1. Pairs of Cα atoms under 8 Å, at least six residues apart: use those to get the relative contact order of the chain, whole percent.
2. Once fully extended, how much extra length lies between Cys406 and Leu21, figured as 0.36 nm per residue of separation less the alpha-carbon to alpha-carbon distance?
3. With springs only between Cα atoms under 10 Å, which of Gly296, Gly44, Gly375 fluctuates most in a Gaussian network model of the chain?
4. Show me 237-246, 273-282, 99-108 ranked by packing, highest mean number of other Cβ atoms within 10 Å first.
5. Could you compute how fast the range 2-430 diffuses translationally, taking Rh as the Kirkwood radius over C-alpha pairs and applying Stokes-Einstein at 10 °C with viscosity 1.306 mPa s? Give it in µm² per second.
6. Which FRET efficiency value, to the nearest 0.05, do you get for Trp191 and Ser43 by plugging their Cβ-Cβ distance into 1/(1 + (r/R0)^6) with R0 = 25 Å?
7. By how many nm would the segment from Val272 to Val111 lengthen if fully extended, with 0.36 nm per residue of separation less the alpha-carbon distance?
8. If the elastic network links every pair of Cα atoms under 10 Å, which of Lys355, Lys223, Lys391 fluctuates the most in the Gaussian network model of the chain?
Amino acid sequence: MRHLNRLLTNSKIFFIFWCILAAFGTYFCMYAFRKPFTSGTYSGLLLWNLDYKAVLIIAQVMGYMLSKFVGIKVISELKASGRTKLIIGLIVFAEVALLLFGLVPYPYNFVFLLMNGLPLGMIWGVVFSYLEGRRFTEMLTMGMSISLIVSSGIMKTVYFTVHEWLPMISEFWMPCVIGALFLPLFLLFTWMLSVIPEPDETDKLLRVERLPMTSEDKRAVLKEYGIGIIGIGLVYMMLTTMRDFRDNFSVEIWNEIDIHWDKTVFSITEAVTGIVVLMAIGCLSLIRNNIKGFWGTQYIIALGLLLSGGSTLLFHIHLITPFWWMLLVGTGMFLAYTPIQVVLFDRMIALFKIKANAGFFVYICDSAGYMGSVGLLLYKEFFMKDLSWAKMLMQFSYLLTIICTCILIFTAIFFNRKIGVKGPITGILDRMPINSK
């Protein structure tokens, strides 16, 4: 253990690799408790005249949304000493809910997916708290960035594979089985997170020390930057809604656009998307100047929005195949979504020297995002039953590109004025030499 601590403290390369692997593994395993049930079709099952799969997804997303609201307080005030116990307790709670989902018969078991979502929404904040506020934060969060993109698709492939091996297991029991399979791995990666050293003095100087926030801290931040945060939150809300819709109903979308699709397509498209986003986040990590890093993040978000809408247009006029549309629309969406979640607020805190942590901002945006997801699902079920899943994704993609690009321009003007008032306050720090970890 002492040898491991020395390596983490003295070897920058080992430290970065360890953090990337630990964050990727922990968040990847979380998806084993959250997403496998969406691979089931639950054909012919209805509740309140609604498709039962839609009911299940709405229930879990509502739980996840409530978790985000709770997380605004819990994650922003979380102390380092309580992180490991909290994250393990959250996952155990989620697995028990999946066990009850299998035990309790249809149609009464949907409530346990709401319970399953309640703890899972806070996992991201706990994992990110180990990584934020460091001079390598963008690089360290590459693992989470990849996991955000590839995990759901891989879990769908895992679901179909396990179901082929164990065909006697019903759709209601499969989520619990897959969660149990991944629990030991989750505990291993959580231990890896727990031994990561806290940020050193250089980290605190360059990126600002991240401390638990008080109610007064939150009010002060919202008073100063509330307009910009609302703008980013609206962009993030639409991106989250589209990401969830595409992910939850990807099986149905593929059935509509290509009847010959193969189960491996989920892993292929998400793996390619992961590589592209990884390269983008990696480029951001090379920018030491916080002003340039902040604007560079916004440029990537804008590029993602344009790619998402542009690829939908090309598919609409039959210039690209279904495979390329699903690949490009997903790549564009994650190019816009991921930097907001893992880079933008970390840079913003460092740029303006805010007494805050990234979890506070992200959980405000996340809570709004999952409200949008629930709203879209309910709207589709009650008012757009005859509209196909693929057409709905296309329409939402167009709206996303137009509305979010306009909002992004507005927030860019707001923050540019803030930087103009406060001046280039990170200039001296960015010229300082950085010691090896």
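Read-outs: derived from the displayed coordinates by stated rules, not from any lab. Owing to the predicted nature of the structure, the values given are computational and were not obtained by experimental measurement. When we count neighbours, we look across all protein chains shown, and the Cβ atoms used for this are built from the backbone with ideal geometry, even at glycine.
1. Working: 633 pairs, mean separation 113.3, N = 437.
The normalised contact order for the chain reaches 26 percent.
2. Numbers: separation 385, 0.36 × 385 = 138.60 nm, distance 3.65 nm.
Taking Cys406 through Leu21 to full extension adds about 134.9 nm, to one decimal.
3. Gly44
4. Working: 237-246: 23.0, 273-282: 19.6, 99-108: 14.7.
Going by the mean number of other Cβ atoms within 10 Å, highest first, we get 237-246, 273-282, 99-108.
5. Numbers: Rh = 21.9 Å.
Taking Rh from Cα pairs, D becomes 72 µm²/s.
6. The formula returns an efficiency of 0.05 here.
7. On the way: separation 161, 0.36 × 161 = 57.96 nm, distance 3.53 nm.
Gain on extension, Val272 to Val111, equals 54.4 nm.
8. Lys223
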